[in-house]
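Asker: Let me begin by handing over the structure; questions about it come next.
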Amino acid sequence: MNRVTDFTEQELKEYAQSLNLCNECTGTLAEISGLNEVTYQRRSDTLCMVCSDVRGRYAQFFEQVSKELNSVVDDWHSFRIDVLIRSPPNLDEKSRALFQTLKEGFKREFKREVGSMIERSGKVFDPVNPDLLINFERGQLTIKRPAQYLEGRYLKLFRNISQATWVCNNCYGNGCAECNYKGRHFIASVEEFITIPICLLYNAERVVFHAGGREDVDVLVVGKGRPFVVEVVNPARRISDLKAIEKAVNEYSNGIVQITLIGFTDSRRIEELKRLAEVSTKEYRGIIKFFERVDLNKLVEASKELSGITLEQQTPWRVKKRRADKVRHKKVYSFKVEYVDDYTALFTVVCQGGTYVKEFISGDDGRTKPSVSQILGIRCKCIALDLVGVDMGNDEKQGL
Ligand SMILES: [Zn+2]
Ligand SMILES: [Zn+2]
């Protein structure tokens, strides 16, 4: 252990006093300072700031750990121990370094002592993928299941379902005349259809939903579906049967939202998903309604002209309240139309993630350039839109 040479004996006494070190930690302090002993008057109203007085009562502490572990109902085999100790504020540099030494020493001892006690009951220490997390934080012992992360894709087969739960901003979910006493703008959300059955299945504290990009309430998600990750926080059990989870979700929503799971992942995947959503390629199909008679040849010409271009999209009027007002550049790789009648056409567009497709059709009063409306010189509107494909680029190889 490092000898601490730049403290006087008096300074060490004051140090021990300020941290209210227990006998064991004071002993360690003396040892690493090369002194026989450090003595001071301990206060009885607070615990040792390094070990919360655990070092003097390991036997008693083991009993508490055993009791907690015995109350875990489901099968578990492996565990990890995490010790969190907050450093006191306002320490100068050398005092902080000394605290670090004491703290790390205690952490090692705690993990060794408590770990070997648990291992005697046939369990194994697994720092990477444990069944149980044993947390020791400021004298408090908590036993948790580590979060599980599931990755998959979802389909949304009915319109008028928001992606995120959209709580009424007039009543904050309590229900009012404005929201028809539903507490929300839309009766159901993809988020709830996925997280509620998973939360029940895992008997978890909560489930957090993260999607790669978003769709409007009136947009369907079909084809391969949109990628998502759910984070199951403090699950009471671990589930390895992905099919069972899929089934629970698909049944819960009566087929309105369907998921296919790819596998288990970790928290890093969430950021990756958000990043990839912006650069991914999306394919949509939809219906355009023209406000004047449209010429078939002109329509075909326009579709050629609008393939392989970069759009300039100022944040649309309809979302301006919720999103930063700025100009985005989005690529349209291909745009194909199919004539239905003089006022209607079907279309398929392949574009960059984050493109506002409805505005690409209507032009949004000139806020999106170019647009179908602008090229044809006819006012038009996208009256139905479905997301049919999400290509995450290189990521495809990794399973998404
Ligand atoms: Zn102590
Ligand atoms: Zn309301």
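Asker: How large is ³J(HN,Hα), in whole Hz, for each residue of the stretch 172-182 in order, when computed from phi with the Karplus curve 6.51 cos²θ - 1.76 cosθ + 1.60 and θ = phi - 60°, using x for Gly and Pro?
Answerer: With coefficients 6.51, -1.76 and 1.60, one gets 6, x, 7, x, 8, 4, 4, 9, 6, 6, 9 Hz.
Asker: Could you run the Karplus curve 6.51 cos²θ - 1.76 cosθ + 1.60 with θ = phi - 60° over the stretch 354-367 and give me ³J(HN,Hα) per residue in whole Hz, x for Gly and Pro?
Answerer: Values per residue, Gly and Pro as x: x, 6, 8, 5, 4, 6, 4, 6, 7, x, 6, 6, x, 6 Hz.
Asker: Which of the trypsin sites (Lys or Arg not before Pro) found in the stretch 1-77 are in a DSSP loop and have at most 12 neighbouring Cβ atoms, other than their own, within 10 Å? Write down the numbers at each step before the final one.
Answerer: Working: sites: Arg3, Lys13, Arg42, Arg43, Arg55, Arg57, Lys67; in loops: Arg3, Arg42, Arg43.
When the trypsin sites (Lys or Arg not before Pro) of the stretch 1-77 are filtered for loop state and at most 12 Cβ neighbours within 10 Å, Arg3, Arg43 remain.
Asker: Follow-up. One-quarter of the Cα convex hull surface for the chain, in nm²?
Answerer: Working: hull surface 109.6 nm².
Here the figure is 27.4 nm², rounded to one decimal.
Asker: Please identify the chymotrypsin sites (Phe, Trp or Tyr not before Pro) of the stretch 148-184 that satisfy two criteria: DSSP loop assignment and at most 16 other Cβ atoms within 10 Å. Which are they?
Answerer: Phe158, Trp166, Tyr172, Tyr181
Asker: Could you go through the stretch 308-318 in sequence order and give the Karplus-derived ³J(HN,Hα) for each residue, using 6.51 cos²θ - 1.76 cosθ + 1.60 with θ = phi - 60°, rounded to whole Hz, and x for Gly and Pro?
Answerer: Values, residue by residue: x, 10, 10, 8, 10, 10, 7, 2, x, 3, 5 Hz.
Asker: Follow-up question, since we're still on this one. Would you work out which of Phe290, Val300, Ile262 lies farthest towards the positive end of the dipole of the stretch 229-324? Charges go on Cβ: Lys and Arg +1, Asp and Glu -1.
Answerer: Phe290
Asker: For Thr344, enumerate residues with amide H under 5 Å from its amide H, sequence gap 5+ or separate chain, H modeled in the peptide plane.
Answerer: Phe290
Asker: Label-point separation (nm) for Ile196 and Asp325, each offset 7 Å from Cα along Cα-to-Cβ?
Answerer: Distance between label points: 3.8 nm.
Asker: If you bin the C-alpha pair distances of the stretch 9-144 every 10 Å from 0, what whole percents do you get?
Answerer: It works out to 11, 40, 28, 16, 4, 0, in whole percents.
Asker: Now for a different question. As a test of the formula, what do you get for the chain when each DSSP H run with n ≥ 4 contributes -39,500 (n - 2.57) and the sum is divided by the residue count, at 222 nm and rounded to the nearest 500 deg cm²/dmol? Please report the intermediate quantities before stating the final value.
Answerer: Details: 10 runs with 119 residues, N = 400.
When only DSSP H runs of four or more count, the value is -9000 deg cm²/dmol.
Asker: List the GluC sites (Glu not before Pro) within the stretch 1-96 that fall in a DSSP loop (any state other than H, G, I, E or B) and whose Cβ has at most 12 other Cβ atoms within 10 Å.
Answerer: Numbers: sites: Glu9, Glu11, Glu14, Glu24, Glu31, Glu37, Glu63, Glu68, Glu93; in loops: Glu37.
Answer in residue order: Glu37.
Asker: From the protein chains alone at 1.4 Å, what is the descending order of accessible area for Tyr252, Tyr284, Tyr202, largest first? Display every interim value, and only then the final one.
Answerer: Values: Tyr252 100, Tyr284 20, Tyr202 0 Å².
I get Tyr252, Tyr284, Tyr202, largest accessible area first.
Asker: With every protein chain present, what is the per residue accessible area of the chain (1.4 Å probe, Å²)? Walk me through the numbers before you get to the answer.
Answerer: Numbers: 21170 Å² over 400 residues.
Per-residue accessible area for the chain comes out at 53 Å².
Asker: Name the residues whose placed amide hydrogens come within less than 5 Å of the amide hydrogen of Arg328, ignoring near sequence neighbours (fewer than 5 apart) on the same chain.
Answerer: Gln313, Gln314, Thr315
The values are calculated or read from the model by the stated rules, or taken from the named source; none is laboratory data. Remember, it's a predicted structure, so these values are computed and weren't measured experimentally. Quick reminder, even Gly has a Cβ in these numbers, built from the backbone with ideal geometry, and neighbours come from all protein chains shown. Please note that ligands, DNA and RNA were not included when accessible areas were found on the heavy atoms of the full protein model with its side chains. Shrake-Rupley method; radii C 1.70, N 1.55, O 1.52, S 1.80 Å.
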